[in-house]
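Taking it in order: structure first as structure tokens, then the write-up.
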Amino acid sequence: MSVDMQVHFELLEKPDRVEGIARLLLRRGRLTPHMLVLCPDAGFAAQLHERLWTVHPESFLANGIAGADSQANAMQPILLSTDIVRDNSPEVLINGGLEIPTDISGFAHLVDFVDGWDESLKQAARERFRTYRQMGLDPKYLGVKS
């Protein structure tokens with residue numbers, strides 16, 4: 001794992017992680033060549049996949065769900081997966097779950113979230129923040145609302 005990796009936390013104010021991540025991707029989607037969104041389960045990935053096609057009234061965010069066709073995955077600027085995959089050579093890992101991803105090496109940037117609407121989820125985010133520090137990373141809380 002690279003200690004040069006940037007880690008930052010964004011604030012989710014509402015209990016809709018799909019919408020919060022979609023809004024983050026809308027802001028960042030055209031700035032970063034390839035991203036991987038680590039989803040907690042297939043249902044979350046499917047919901048986010050659908051939302052990214054409609055997140056903006058005048059455009060969409062091209063994305064795909066990781067699967068058997070690694071050639072198609074390689075073309076996706078945003079790849080959604082329940083596992084760490086590198087089919088689209090992502091530079092950014094977006095953690096859509098509540099656990100620290102198992103293999104974060106090779107990413108330039110990791111985005112995690114603070115669920116501001118729930119005290120137990122805020123505490124879980126604090127634990128992830130501390131764990132990233134223990135891993136030798138320097139996480140930042142940007143306070144950006146998603």
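The values are calculated or read from the model by the stated rules, or taken from the named source; none is laboratory data. As the structure is a computational prediction, the values presented were derived from the model and not from experiment. Every residue, glycine among them, receives a Cβ derived from its backbone with ideal geometry; neighbour counts consider all protein chains shown.
Elements of the type strands (runs of 3 or more DSSP E) sitting completely within the stretch 70-146 and holding at least 1 residues that are out of contact with any helix residue (DSSP H, G or I) (no Cβ under 8 Å at 6 or more places or on another chain) and surrounded by fewer than 18 Cβ atoms within 10 Å (Cβ to Cβ): these cover 109-115, 140-145. Of the residues making up the stretch 52-67, none is surrounded by fewer than 18 Cβ atoms within 10 Å (Cβ to Cβ), at positive phi and either assigned to a loop (DSSP other than H, G, I, E, B) or among the charged types (D, E, K, R) (or both).
Among the residues making up the stretch 101-127, those that are in contact (Cβ under 8 Å) with a residue 60 or more places away in the chain, more than 13 Å from Leu12 (Cβ to Cβ) and not polar (S, T, N, Q) are Pro101, Ile104, Gly106, Phe107, Ala108, His109, Leu110. Scanning the stretch 103-118 for residues that are more than 14 Å from the chain's Cα centre (by Cα) and either among the polar types (S, T, N, Q) or at pLDDT 95 or above (or both) gives a single hit, Ser105. Evaluation of Glu91 against the conditions (1) in contact (Cβ under 8 Å) with a residue 24 or more places away in the chain; (2) touching an Asp or Glu at 6+ places or on another chain (Cβ under 9 Å); (3) charged (D, E, K, R) shows that the sole unmet condition is (2).
Entry remark, the stretch 8-26: residues being in contact with a strand residue (DSSP E or B) (Cβ under 8 Å, 6 or more places away or on another chain) and in contact (Cβ under 8 Å) with a residue 40 or more places away in the chain number 12 in total.
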